[in-house]
Every structure is written in structure tokens, then in C-alpha cells.
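Following: one structure in C-alpha cells, then a few remarks.
The values are calculated or read from the model by the stated rules, or taken from the named source; none is laboratory data. The structure displayed is predicted, hence computed values, not measured ones. Neighbour counts run over all protein chains shown; Cβ positions are idealised from the backbone, glycine included.
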Amino acid sequence: MKEAFLSARNNVAHTPAPPKRPARALLLDAAARLFYAQGVAATGIDTITTEAGVAKKSLYNNFASKAELVAAYLEARHAEWLGLYSRRLEEARDPRERVLAVVDAYADHANAAYPNGFRGCGLLNAAAELPAGAPGRLAVRKHKEEVEALLSRHVAELLPAGDGRAAGLARQLAFLLEGAMARAGLEGNDACLKECRTIAARLLADV
């Protein structure tokens, strides 16, 4: 009995501690939470390092400036959305469902767990705080253009070869989606995005 206890205690003593996450990952996670909940301008470096549980020096060892941290945050949000879209795309069985997968990815974004509630598109929220011509705004514009390109590609699958309507219809869907996302952020839920999906499906039924 005593030997079994000692063996169990030794096993516990020799159980390796979980690896500590890199400071960069901790900082990005903290920045993502704070930027989304409070805004980019309202969130200072000290608040981010405190939230991340790292020294201020660690931030500047990983990011040359707050602007560079903001750029990394925007890149991470873009990658996060692409992950949501990819999972929805795997479930789509035909071109119409592939178009609607884009809308569903936005709804998934709205339904993610946010400690302070859903506030709309994190990328657009950040862009609204940045000056015209700022690299961050250009990064957000590139993301939105990529979303529109995805819509155009999927809409084109519904049309006969040589039909030139895909880009125009995709633009309508993109505007519909962005408007729904903005309202969803104000209302704090996915109701507008559900309605957006219904409207989008109706538009696609006429293609």
C-alpha cells in the first residue's frame, strides 16, 4: 500500500508541466479580446501586457510598435474568418450552398463567445478607428475584397459559361452582407444575418 502511494506520488511529481505559451501568442490573444471589446484607440499597451500576463519588454520584443500589433491582430481576424468559411464550405453540397457558406461564416462569427458581447465585424470596427490610408485600413479592404471574390467565384458556378453577371451579383450580396453585419453588431445578435441569408437565398433562386 505504502509502495503504491509512493509510486503514485512519484508519477505526479514527474508529470511534466504543460508547455508555456509563447509571449507573442499571449499578447495577440489579449489584444484580440481587448481591441474587440474596447476598441483599438482605447486600449493601451499597459492594459494589453497586464491582460496577457507578460512584461512590457516582451511586447516590444515581439512587435516593434502598437501599430504592428494592430496589423497582426487584423491578420489573425482575417485568418479566423477564413477558418469559419472553410468549415462551412466543407458542408456545402452545391454552388448555392457555397455562396450561402459565406453568409453562414459571418453568422458563426456573430455567435462566437465574446466576454463583452458581439459588436459586429472586428475588422470594420478597427478600420473605423484608423486614419484614411493607414495600412490597417488597406488590410481590411483587402479582406472585404477577398470575401467578394469568393462570392463571385461561387455565383459564377451557377451561371452558364460566358455569363457576365457574377461580379455584379456578388457585389450586391457583399453589400447586403456588410449591411446585415453592421446592424447585427448594433443589435448584438445574429437575427439580421439570418434575414440576410433568407434574402440571399431568394436572390440566388432567380439565377
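Among the residues making up the range 124-141, those that are assigned to a helix (DSSP H, G or I) and touching a residue at least 40 places away in the same chain (Cβ under 8 Å) are Leu124, Asn125, Ala126, Glu129, Pro135, Gly136, Ala139, Val140.
Only one of these conditions is not met by Thr43: (1) over 12 Å from the mean Cα position of the chain (by Cα); (2) part of a helix (DSSP H, G or I); (3) at pLDDT 95 or above. Which number is it? Going through (1) over 12 Å from the mean Cα position of the chain (by Cα); (2) part of a helix (DSSP H, G or I); (3) at pLDDT 95 or above one by one, Thr43 breaks only (2).
So that you can scan it fast, the table gives a plain yes or no per residue for (1) under 10 Å from the mean Cα position of the chain (by Cα); (2) among the hydrophobic types (A, V, I, L, M, F, W, C):
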site	(1), (2)
Lys66	no, no
Ala72	no, yes
Glu75	yes, no
His78	yes, no
Gly83	yes, no
Pro95	no, no
Leu100	no, yes
His109	yes, no
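Applying a threshold of 9 Å to beta carbon distances and a minimum spacing of six or more residues, or different chains, the list of pairs starting in the range 49-68 at a residue that is assigned to a helix (DSSP H, G or I) and ending at one that is acidic (Asp, Glu) reads Glu51/Asp29; Ala52/Asp29; Lys56/Asp46; Asn62/Glu68.
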